[in-house]
Amino acid sequence: MEEQGFFYRDTWAEVDLDYIKENVKAIKANLPEEVDFIAVVKANAYGHGDSQTAEAALEAGASMLAVAFMDEALALRKKGVTAPVLVLGASRPEDVNIAAEEGVILTVFQEEWLAKAREVLKGDASISLHIKIDTGMGRIGIRSAEELKSIEKSIREDSRLELHGVYTHFATADELDETYFKEQLSLFKELLGTLDELPPCVHSSNSAAALMHTDAQFNAVRVGIAMYGLTPSLEIEPELPVRLNEAFTLHSRLVHVKKLEKGQKVSYGATYEAAEDIWVGTLPIGYADGWIRRLQGQEVLINGKRSPIIGRICMDQCMVRLPEEVPVGTIATLIGEQGEEMISINEIAKRLETINYEVPCIISSRVPRIYKQQGKIVDLNNSLL
Ligand code: PMH
């Protein structure tokens, strides 16, 4: 476990590594044994912390990691993660040498890319590749059998290149209507059929497909959101075959508590006016932490009670209406459970009119992530909890 830095502000995100492990195991248990689990840890593991999440997922049975960019793969290597890492997004062809050095698997998504990469690959350096087929996502990938065949030929004729995988990505696997999903799947199968030989790792499923579509598992699945304990969509939530536990929670502590008299105002614009005498607390978290202004009115949990954010959210602070006078230092849970109450990531996503994926991602790097295992904080670094 990487040592965590000290921090001096009582605002933190807590990531439960046991939940991540349980989620991986539960999802794996729902897959045929021979299907490999690729843990998607791009974007700092959806805001959860890249190497910590990666190690937890690997311990629970994942056999490969996937990230969006080369920088993310290199960050994992720097932190000592040695497992295979696939870069899902476009990398620059001139960066193949660093990928070769670090044993990072790259995605081939265009013929020109491959030609350039072969040209710049130095000496007898070798690299593993996965071919990305675009079956309807319209993002990156090969769109025709001709291009696919030509790419396969180029890879196979160059002994420095290993064709390790081939994959596609679904646009609608999280919807109950399967029409478009089925079109993509059948196009993928059709294109796979044109290859001379299937590489060892064929994959197409994200979380939704891995959980809901047994016909699309091939020999690996790429799971992100469900590993973090979140449903891929609200639409399929009631149908999910496994129980998931949300790993990410967010907390702060009251730094100032005061009584406001009727008529007194709160925050920029003085838009909030106390309609009666009330208790107000200040939390050291604001929009620069990703707790954006649109969250005005959202509740936080204090002593197990819902307490609304009042007035405008500032860059580093926001104010809450307290249920009663409480001491400075009292914990406020912005995401997570207190007593009988729970504020889920889905609740925050709904208020922000977005999807749950976005919520932990937008909690900025200014908020330290601390890690929980067997109910305890690992590497406890200050007076928290
Ligand atoms: N594979 C690819 C190529 C992806 O882009 C993603 C997620 C996943 C697998 C994992 O999906 P899951 O989290 O639903 O399991 N990509 C994105 C994205 O680009 N925007 O939101 C999720």
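Taking a straight Cα-Cα cut-off under 17 Å and skipping sequence neighbours fewer than 8 places away in the same chain, the aspartates and glutamates within cross-link reach of K262 are E273, E276, D277, E324, E325. Which GluC sites (Glu not before Pro) does region 1-85 hold that lie in a coil by DSSP with at most 15 other beta carbons within 10 Å? Taking region 1-85 and a limit of 15 other Cβ atoms within 10 Å, the loop GluC sites (Glu not before Pro) found are E2, E3, E33, E34. Across H169, H203, the residue with the most accessible area heads the list, and the full order at a 1.4 Å probe is H169, H203. Roughly speaking, what is the centre-to-centre gap between region 119-174 and region 293-362 when only Cα atoms are used, to the nearest Å? Taking the Cα centre of region 293-362 as reference, the centre of region 119-174 is 44 Å away. Listed by chain and number, the lysines placed with their C-alpha closer than 23 angstrom to that of K376 are K21, K25, K79; residues fewer than eight positions away on the same chain are left out.
What share of Cα pairs, in percent, lie more than 20 angstrom apart in region 248-381? Display every interim value, and only then the final one.
Values: 4024 of 8911 pairs.
I get 45 percent for the Cα pairs in region 248-381 exceeding 20 Å.
Taking the charge dipole of the chain about its Cα centre, with +1 at Lys and Arg Cβ atoms and -1 at Asp and Glu Cβ atoms, the residue from L244, L163, I302 reaching farthest to the positive side is I302. In a fully extended conformation the segment linking K78 and T354 would gain 96.0 nm over its present Cα-Cα distance, using 0.36 nm per residue.
Within a straight-line Cα-Cα reach of under 26 Å, K132 can be paired with the following lysines, leaving aside sequence neighbours fewer than 8 residues apart in one chain: K28, K42, K116, K122, K149, K153, K182, K189. Model label points for E183 and A125, set 7 angstrom from Cα along the Cα-to-Cβ axis, are 4.1 nm apart. For the pair E237 and F6, label points projected 7 Å from Cα toward Cβ lie 4.2 nm apart.
Rounded to the nearest 20 debye, the dipole size of region 236-308 about its Cα centre is 260 debye, using +1 on the Cβ of Lys and Arg and -1 on the Cβ of Asp and Glu. If the Kirkwood radius is taken over C-alpha pairs of region 31-227, then at 20 °C and 1.002 mPa s the Stokes-Einstein diffusion coefficient equals 127 µm²/s.
What does the accessible area of H213 come to, in Å² to the nearest 10, when a probe of 1.4 Å is used? For H213, solvent-accessible area is about 10 Å².
The C-alpha atoms of region 168-287 occupy a region whose extents along the principal axes are 76, 27, 26 Å, arranged from largest to smallest.
Given axes a ≥ b ≥ c from the Cα gyration tensor, I'd like to know whether region 10-75 is rounded (a/c under 1.5), prolate (a/b larger than b/c) or oblate. Please list the in-between numbers first.
Details: a/c = 2.75, a/b = 1.30, b/c = 2.11.
Oblate, since a/c reaches 1.5 and b/c is not below a/b.
If you plug the beta carbon distance of S144 and A288 into 1/(1 + (r/R0)^6) with R0 = 45 Å, you get a FRET efficiency near 0.45.
What is the gain in length, in nm to one decimal, between A171 and K116 on full extension, counting 0.36 nm per residue of separation less the C-alpha to C-alpha distance? Mind showing how you got there, number by number?
Values: separation 55, 0.36 × 55 = 19.80 nm, distance 2.92 nm.
That works out to 16.9 nm of additional length.
Comparing Cα centroids, region 261-282 and region 41-98 end up 47 angstrom apart. Taking only the Cα atoms of the chain, the ratio Rg/Rh comes out at 1.04, with Rh defined as the Kirkwood radius.
Subtracting the Cα-Cα distance of C361 and T330 from their residue separation scaled by 0.36 nm leaves 8.6 nm. Dipole magnitude for the chain: about 1140 debye, using +1 per Lys or Arg Cβ and -1 per Asp or Glu Cβ, origin at the Cα centre. In this structure, S159 and D196 have a Cβ-Cβ separation that, at R0 = 25 Å, corresponds to a calculated FRET efficiency of about 0.95.
The values are calculated or read from the model by the stated rules, or taken from the named source; none is laboratory data. The structure presented is a predicted model; accordingly, all values stated were derived computationally and were not measured. Methodologically, a virtual Cβ is constructed for each residue, glycine included, from the backbone with ideal geometry; neighbour enumeration extends over all protein chains shown. For accessibility, only protein heavy atoms count, side chains too; no ligands or nucleic acids. Shrake-Rupley method; radii C 1.70, N 1.55, O 1.52, S 1.80 Å.
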